[in-house]
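**Student:** The structure follows.
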Amino acid sequence: MRAAGGVLLFLVAAVAWLVRPLAAQLPDAEAAFQRGDYRAARAAYERVLAADSTNVRALYRLAILDSWDGKLGRALDRFARLRRLEPRDGDIMVAHARVLAWADRSAAAGALYDSVLSRAPDRTDALAGRARTVAWSGDLDRAERLWREALARHADDAELLIGLAQTLYWKGQPALAEGYAARARALAPQDRTVLELERELRAAVRPQVRTTVDGAGDSDGNTFVAQEAYYEASLGTAVRGTLRAGWRHASLGTAAAASYGAGGQVSAPLGAKAAVQAGLGVRRLEPDGGGGTTPLTAAVGLRLRPGRYVAGGIGYSHAPFDETAALIARGLVVDALDWSVDISPSPRWSVSAGGGGAWLSDSNSRYSAVVAVLARVASGVQVGPFARVMGYRLSGARGYFAPNRFSVLEGRVTVDWRRARWGARVDGGAGSQQVSDTAAHQLEWHLGLTLTRGWGASNEIALVGLLTNSAVAISTGAARTEGFRYRTLGVRFQQGL
């Protein structure tokens, strides 16, 4: 009997010795979480969960950490288990809805927020989450109404003020958004979200200057140097105006010509999902031999954003065709109609397409179409196919486009690198091109490089270069395409005032 009692005491002591460290794991995990040591917190929560698979606190914290790490599928699996354990816990429901919204499951997130608000109508995090989910889905008008309804109940809630300011900014009303952001800043002076939003709003409404300087040449002897300068400023709550001036000097052997001009443009939103741009100007075409012309320039465009991941537009322009010295000497003017659409069905995929037609003042015409698909295969790295077709209809005996038809199919890769204010982008591709409808297919390639340095909210300087053998760059009427090379180098500068 005494021996049996000793064994029992030994077992009780052993269990106590094992349980005590396990019981200490949860406070240790919480302490690590509160001080921001998320790696140690995750390890401690995992140990708690290994000992007790129904521990709600550990499961909840791990779901949050998974969502912060971008592991949304794993986070949603954990929330599903949590909801079975605690089906009516408001904090879990709100966090679950937030991750559903991050995973682009807007309908499920909205339904869960509505379920929370049916029991707690004044819960601010649920009010904010529902409005933000609606805004992310692209319905900015309804989102604005939801933010304003929530602020009618909680006028001094910083999160609600930030949300309304962001939605107004996305609607193209940065000047109106500034007032709500300032109120949020007064309530939460250290909030990083409102600090970054205020910087973006100041950059959006303040005047800014931009300039581009480009130089290019090809193996046929065509060269040009050009500069464009822009001054942009707000003309009202949501209207921006831009003044533009520029010049271009082109040469081919001993022949040379110049073009220069100025103009203005106005852009304004049309509701939450569209914006319109219209511009007018004048451009002087001046060959070295005299006999210049001064045609008007005009442009009008409509940009659409019908959904969160869908954007498109259509535009018309009337401008001189001044790519080379020979074209400037002919005084050609082109009327062009172009369209484009960009779709991102998921964070890993993007599809873009475009096309249009151009009609020259001597009755020649051109058409084009392009489509590209990019898939993200690693951080900052995208690959995919690219296709383009162009064609020219010649009404006279002599054309100035070469080739008369052009098509290309290539594989592309882009690599983006960012560190602090520095950035670099490499864009390369190789494939097959057909130069004219009777020619054999040739190897086509291009390599582009962009280096950027930013400062402030939107100030930036960039160096842009390109080298290619693509026949799409030929516009001289030359028949030779074997050995053709085209190169360009440019500088972009933008500074807010």
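Only the coordinates and a few stated rules stand behind these numbers; no lab work does. Predicted, not measured: the structure shown is a model, and the values here were computed from it. Neighbour counts are summed over all protein chains in view; Cβ atoms, including those assigned to glycine, are modelled from backbone coordinates with ideal geometry.
**Student:** Rounded to the nearest 0.05, what FRET efficiency is calculated for residue 142 and residue 294 with R0 set to 51 Å and r the Cβ-Cβ distance?
**Tutor:** So the FRET efficiency works out to roughly 0.55.
**Student:** Go ahead and collect, in residue order, the members of the stretch 268-293 whose backbone nitrogen is under 13 Å from a label point 7 Å along the Cα-Cβ direction of residue 175.
**Tutor:** 268-269
**Student:** I would also like to ask the following. Among 115-125, 254-264, how do they line up by average Cβ neighbours within 10 Å per residue, starting with the highest?
**Tutor:** With the highest mean Cβ count within 10 Å placed first, the list reads 254-264, 115-125.
**Student:** Separation of the stretch 129-162 and the stretch 195-256 by C-alpha centroid, Å?
**Tutor:** Centre-to-centre (Cα) distance: 37 Å.
**Student:** OK, next. Does the stretch 143-189 classify as rounded, prolate or oblate by the C-alpha gyration tensor (a ≥ b ≥ c root eigenvalues; a/c under 1.5 gives rounded; else a/b over b/c gives prolate, otherwise oblate)?
**Tutor:** Oblate.
**Student:** Next up: Once the convex hull of the alpha carbons of the stretch 2-205 is built, what does its volume come to per residue, in cubic angstrom?
**Tutor:** Per residue, the Cα convex hull of the stretch 2-205 comes to 146 Å³.
**Student:** Multiply the residue separation of residue 409 and residue 427 by 0.36 nm, subtract the distance between their alpha-carbon atoms, and state the gained length in nm to one decimal.
**Tutor:** Taking residue 409 through residue 427 to full extension adds about 4.9 nm, to one decimal.
**Student:** Another one. Roughly speaking, what % of Cα-Cα pairs in the stretch 208-496 are separated by over 28 Å, rounded to a whole number?
**Tutor:** Above the 28 Å cut-off, the stretch 208-496 has 45 percent of its Cα pairs.
**Student:** Starting from 0.36 nm per residue, how many nanometres of slack lie between residue 255 and residue 56 once their C-alpha separation is accounted for?
**Tutor:** Between residue 255 and residue 56, full extension yields an extra 63.7 nm.
**Student:** Convex hull volume of the Cα atoms in the stretch 238-342, per residue, in Å³?
**Tutor:** Once divided by residue count, the hull of the stretch 238-342 is 98 Å³.
**Student:** Output the relative contact order of the chain, whole-number percent, from Cα pairs under 8 angstrom with separation of 6+ residues.
**Tutor:** 8 percent
**Student:** How large are Rg and Dmax for the chain when only the alpha carbon atoms are used, in Å?
**Tutor:** Rg then Dmax for the chain, in Å: 30.3, 122.
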